[in-house]
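Everything below concerns the one structure shown next.
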Amino acid sequence: MTHSWWGAALAPVTWGVIAGLTTPRGPLTPTEALISVGVSFVVGGVAGRWSRSRWAMLVAPALFVIAVEVVRTGAVGPTVDAPHASMLGAVALAAGRGVHGLLTVLPMVVAASYAAAYGAGPARRGRLGRYLGRAAIGALAAVVVLVTGAVALPARTDPMPGDRSIAELASVDAGSHQLGLMIRGADTTGPVLLFVPGAPGAAERGAVRAHLSGLEQHVVVATLDRRGGGSSYPAIEPTPTMTLDDEIDNVVAATHHLRQRFDTDRFYLLAHSGGSIPAAFAVQRHPELFSAYIGVGQAVDTTEADQAQYAATLDWARHHDTDLAAALTAVGPPPYARIYDYEPLILAESRVFPHAGGQGGLDESLAASEYTVLDKVHLFAGLVDAHDVYYPRIRDVDLRTDIPRIEVPVYFVDGVDEVPGRVPPMRQWFAGLQAPHKEHVLISSSGHRSLYERPAEFTDILVRRVLGGPAT
């Protein structure tokens, strides 16, 4: 029996070490997930059979979890760090350890139970206890089957009519990692537009499909999932390389890929919010690649904007929400080193600034067929991990001094109800920016996500002013 327990312990520990080294954030692709479920099922079966005890249902998963946690100590980010008692902490726990457990711990428990039953002898329970135990394990087994089937389903995008149309999900080689692209357009011989969404780890295929399908009739729209989010979440490691220069290189790599694939010189770069910082640098450094640049909710100086938003939110909270005021006072003004300190600002934004939420939210990408089940989990994982890793690294960026000139026509689009703290840096940069042509267009009845809130008006601006306007 002693020898059997040693063997039963060795299998989950070994698997935990391998999993912690190769997939420290858990399985990130459908292939990895299927392998993980299969190996975990075998390991659970070995532990249950060799131990001849139903205790293997608890011991084997515990040993596996301990091994994973010890081995992956070098990984950083909320989904792998110690749990945090907050709403974002709950998101990180569910998207990280929760999903990892579904794909490893749960199949191990089920397999250990069935395997132990063959060697443990008659259970010392009454008939009702046996039936309840079997029903519970059967239910867990059903969950494993359902989860396995769900993660195996591929992403897809609806086809477009016409012989020259394109509608596909692809990836681009960005050096050491792969980034996801959604490419859709009615005419592959027309201009190409690369869209870089906002926020670190942003992935907005669902919002683009829901609101910007009109653009597909005029340009080939390539929507990039930024590194660390959605279909690009597997590229988050190694996190020390998630820098501004890397984000710029990602935009340039996607541009080269698309220009070569579609053999076009009519190439436009569209970026929103936080994605507009690396996009603006990409245009500054490589103007020969772009016909024009369009920035929506253009970020200029995130630290100054965050500090202004903090002051406005604190003033609002003192009159409307004393708990929020206390939380903001306790953490002090930004910038912060961790996303958890930004949490009060993030969660209060749509209450303090009614147009800050608008369209283009996470729910639209969660409903999109263009993401796999794991990609949808990674929308949440990227929300916390990519922000936590990358955002502090751009705190000293100020486009007013970093980018005084751009050598292509530039167009900036803002909602008239943009968060007020973000407006002054943008206006100051625009006033001093030198470019062959520049325009700043305001869209009524919209805020930070004006491209999604007023898609018809936004599309009209791009078609008339940008595609039909001056170009290099």
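Results, tabulated for the structure shown:
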item: C-alpha long axis of helix 423-432 to longest principal axis of the chain, angle in °; result: 50
item: Top positive-direction residue, dipole computed over segment 279-374 with Cβ charges, set 298, 354, 374; result: 298
item: Radius, Kirkwood style, for segment 259-351 when every pair of distinct Cα atoms is counted (Å); result: 15.6
item: Neighbourhood net charge (13 Å Cβ-Cβ; Lys/Arg +1, Asp/Glu -1) for residue 241; result: -3
item: Ordering of 237-245, 135-143 by packing [mean C-beta count within 10 Å, highest first]; result: 237-245, 135-143
item: Potential extension, residue 405-residue 139 segment - 0.36 nm per residue separation minus Cα distance; result: 89.5 nm
item: Kirkwood Rh in Å, taken over segment 2-152 so that all alpha-carbon pairs contribute; result: 15.9
item: Size of charge dipole - the chain - debye, nearest 20, with Cβ of Lys, Arg +1 and Asp, Glu -1, no other charges; result: 2220
item: Cα-centre dipole for segment 333-421 with unit charges at Cβ (Lys and Arg positive, Asp and Glu negative), debye to 20; result: 180
item: Positive-pole candidate from 270, 200, 413, dipole of the chain, charges at beta carbon; result: 200
item: Cα→Cβ-extended label distance, 7 Å offset, between residue 217 and residue 434, nm; result: 4.1
item: Extension gain from residue 265 to residue 319, taking 0.36 nm per residue of separation minus the Cα-Cα distance; result: 14.0 nm
item: Which of 339, 257, 76, positive extreme of dipole for the chain (C-beta unit charges); result: 76
item: Ranked packing of 98-105, 285-292, most packed first, by mean Cβ within 10 Å; result: 98-105, 285-292
item: Label-point gap, in nm, between residue 55 and residue 168 - each point 7 angstrom along Cα→Cβ; result: 5.7
item: Folded to 0 to 90 degrees: helix 127-152 orientation relative to the chain principal axis, Cα; result: 30
item: Prolate/oblate/rounded call for segment 133-250, Cα gyration tensor, a/c under 1.5 rounded; result: oblate
item: For the chain, Kirkwood radius (reciprocal of mean inverse C-alpha pair distance, Å); result: 24.1
item: Mean separation of Cα contacts under 8 Å, 6 or more apart, over the residue count of the chain: relative contact order %; result: 16
item: Distance cut-off 18 Å, percentage of C-alpha pairs in segment 403-455 lying past it; result: 35
item: The chain, helix-only ellipticity at 222 nm - DSSP H runs n ≥ 4, -39,500 (n - 2.57), divided by all residues, nearest 500; result: -16000 deg cm²/dmol
item: Sites residue 31 and residue 93 - FRET efficiency at Förster radius 25 Å, r taken between beta-carbons, to 0.05; result: 0.50
item: For segment 183-301: rounded, prolate or oblate by the Cα gyration tensor [a/c cutoff 1.5]; result: prolate
item: Protection-proxy order for peptides 263-271, 293-301, 329-337, each taking the mean of Cβ atoms within 10 Å per residue, highest first; result: 293-301, 263-271, 329-337
item: Helix 339-352 vs. the chain, principal-axis angle (Cα, 0 to 90°, nearest 10); result: 60
item: Nearest-20 debye value, segment 2-152 charge dipole, Cβ charges on Lys, Arg, Asp, Glu; result: 740
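Values quoted throughout were computed directly from the atomic coordinates according to the rules given, and no laboratory measurement underlies them. Bear in mind the structure is a predicted one, so any value in this text is a computation, not a measurement. Counting neighbours? That spans all protein chains shown, and the Cβs are built from the backbone with ideal geometry, glycine included.
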